[in-house]
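Read the structure below first, then the notes.
FYI, it's all coordinate maths here, none of it is from the lab. Since the model is a prediction, treat every value here as computed from it, not as a measurement. Don't worry about glycine lacking a Cβ; one is built from the backbone with ideal geometry, like all the others, and counts go over all protein chains shown.
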Amino acid sequence: MKRSLASSKILIQINKMGKRTSYKKIERDFYPTPYEAVVPLFPHLPNNVQYEEPCCGNDDLIEHLKTHDCVCVKKGDISQGKDALLITKTNAEFFITNPPWSWQILNPLISQLSNITGTWLLLNSDLMHNKRMSEHMKKCVKIVSVGRISWMQNKQSGFENCAWFLFDQRNKKKTIFVGR
């Protein structure tokens, strides 16, 4: 059976890191968070904020946030047997994470975490324009632009525009956008 051109493009998209690159996607979307991606978030966090990092990977985001006196009260990662989709409560003020961007994981993750407390996610900024994000965007309190960042530890310039999205189920106001 021949595959259509459209389905071939979809398969290529799934196996690529982004739409502007031909780099092969890393398993589990494991891309360490660069420090320059975190800097724009600092002015939007309360002093000494206590947060939970549910997709901590190798703790790079935790280390970056520590430089701004942010306190990680709990962390976990699927590689440690801690599934973020099973979180039902937290004592933290926020969840702050650079989650996997795969829709199959991201979609339920936004719903799950933002129903518990405010959730800051580092995402591809184009997501705000996608129809499938429409329900989540109703819960979006704020978007903080980051711009293009390198996910290859400075081995390659950035291909995707990114932003921090703050989701909260209780949000009833229009989304605030903070440009660069």
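Would you mind computing, in nm to one decimal, how far apart the modelled labels at ASN48 and GLU36 are, each placed 7 Å from Cα along Cα→Cβ?
Label-label distance for ASN48 and GLU36, simple model: 3.3 nm.
Around GLU93, which amide H atoms from residues at least 5 apart in sequence, or from another chain, sit under 5 Å from its own amide H, with H modelled in the peptide plane?
Under 5 Å from the amide H of GLU93: GLN50, TYR51.
Given H placed 1.01 Å from N in the peptide plane, which residues other than close sequence neighbours of VAL141 have an amide H under 5 Å from its amide H?
LEU166, PHE167, ASP168
So between ARG132 and LYS172, what do we pick up on full extension, going 0.36 nm a residue minus the alpha carbon distance?
My answer for the length gained is 12.5 nm.
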